[in-house]
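The structure appears below as structure tokens.
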Amino acid sequence: MPVTATRRRSLTARLVETVRFYGPLGFTSFGGPSANLILLRKIFVIREKWIDDTTFQDLLALGNALPGPAFSQIAFSISAIRGGTPAAVLSFVLLTGPGMCAMIGIAFGVKRIPNTLPDIAFALFTGLNSTAIGLVSLAAYQLSLKVITDDITRLLVFLMGAISACYESQWLYPVLMAASGISTYLFDEATEYRVTRRTRRERIAESPVVPEQSEDIEMDIARPIPAVTRDSIEAETLHKRSVVTRRDSHCESRGRYPTPPPEASSSRPSQGNTSDDAGAEVQEEEPPYFAITVKQGLMICTGFFALLISLIVSRALTPRARILDFVTNLMLGGTLIFGGGPVVIPLLRSYTVDPGWVAPRDFLLGFALLQALPGPQFNFAAFLGVLVIPSQPFLGGLLGAMAIFTPGILLKLGALPLYQKFKTNGPVRSVLRGFNAGAIGLIYSAVYRLFRVGFVQGSTLDPGVPAAFRSLDQDGFWVSIVAATFVACGWFNVPTPVAILVGAIGGLAWYVVQQA
């Protein structure tokens, strides 16, 4: 049958497609990274089918195993797979641009904002936080249904969530992710070894016993089949495993990134030469646009670490250079931060408030306003850049944003080719399975941490502190909003932007009732 090649889409068409889907996300991605994972999955996995669920889970695992904001990295990776590196860069700008510009604008006027915001603003923030926590809970639940496939993954989800809820440290997240990957790898290797041994024993036990034939008696009957021996079984097993290995490697070399869903292969029509499909045309798959090779990916990672080392050395040789200190600190922080927003805020405070570059009042006020803005919490670095470099505030904001985001983006660009090459490798799949389980456990712990600080109120103890963050269970109304968001979006298909809007209205309604 004739084969029709799929026409390669132009760069302009791919960029227009990126603007179409990522442009609105920059204005609707409220609630933090974990809450927006469910939005990405609905759009790009379920509705548009740009990638399959397995690839989405792998990208989530890689996002949690690498430093930087998980939400931005996953969105960046999806766009890279779909339209190539230029489309991925554009998607990153569209996702972070609105929130970043808003934070820069707030920083310009932060000195004119009173020390304490009105109570209605705190009620609005709390309503948004409650909705976000409901969305994070739903994302963790839905993803866990896909990730938990056996007892080891179920145990890892529990352990990683419990440990990260009890302890918090910069080194904890990468250690937990590494432990998860090693655990599933060892478990799968042990399981395969046990199954192989049991199969060999069963085949040996079921092999026929051949009686010894007398050499001096000749009978006109067929000679019996030789008995199966241990050596022959082992040789046959090794032969089959080598055939499977060669077949897998052959399939891997022909594979295309991303991995197609299992249904795709089973639903392909038969390739027999029947009269019905003799004249049918078969359309080839669209060629991949993400063309970075493994060698180029390693070069990107090497170049990034060379840049980081050069910045650290330059800072040591150039004392009292505030711009260089600030950029180096954020680059170093972006390299060390695993776990996203909940981890980045304390680190940014130590980098900017402790040296005296930013007043504690301005830091807390900006963090409170950050809760009402879309985009990743790493956008807070743009706000701090304006305050750290008052002589060139706009440049400071851009440098702050670029420094905090650059490590995660470059390392993800370097890691994607490695994932593309080894994603079908058995040991790699085992490690990724553990990464997936560990990532879901971290999301569950994020639910707990966000719940503990979701209730935003004006500080009554210290007038110099703009806001105080308390647990949502201080008022049952906020717990009800969390539960309502979980149920509405999970079972009644309420769109995420609508749920966020309803949460904001609920916060304002709570304020009106409190004032009555």
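Miscellaneous remarks
- In terms of its C-alpha gyration tensor, region 426-507 comes out oblate, because a/c is 1.5 or above while a/b does not outweigh b/c.
- Projected label points at Glu189 and Asp150, each 7 Å from Cα along the beta carbon direction, are separated by 1.5 nanometres.
- P(r) tail fraction, region 344-474 - alpha-carbon pairs more than 19 Å apart, %: 64
- Each principal axis of region 308-389 carries a Cα extent, and these read 40, 26, 17 Å when sorted largest first.
- Tensor-based shape of region 470-516 (alpha-carbon gyration tensor, a/c under 1.5 rounded, otherwise prolate or oblate): oblate
- In Hz, Karplus ³J(HN,Hα) per residue of region 49-58 (6.51, -1.76, 1.60; θ = phi - 60°; x = Gly, Pro): 6, 5, 9, 8, 5, 5, 5, 4, 5, 5
- A straight chain from Thr293 to Val513 at 0.36 nm per residue would run longer than the Cα-Cα distance by 73.3 nm.
- Sites Glu48 and Ser471, calculated FRET efficiency, Cβ-Cβ separation with R0 51 Å, nearest 0.05: 0.85
- Pairs from the list Lys111/Lys412; Lys42/Lys295; Lys49/Lys295 with a Cα-Cα gap above 31 Å: Lys111/Lys412; Lys42/Lys295.
- On the basis of the beta-carbon distance and an R0 of 41 Å, Gln392 and Trp171 show a calculated FRET efficiency of 0.75.
Every read-out reported here was derived from the displayed coordinates using simple, explicitly stated rules and does not represent laboratory data. As the structure is a prediction and not an experimental result, all values here were calculated from the model. Neighbour counts run over all protein chains shown; Cβ positions are idealised from the backbone, glycine included.
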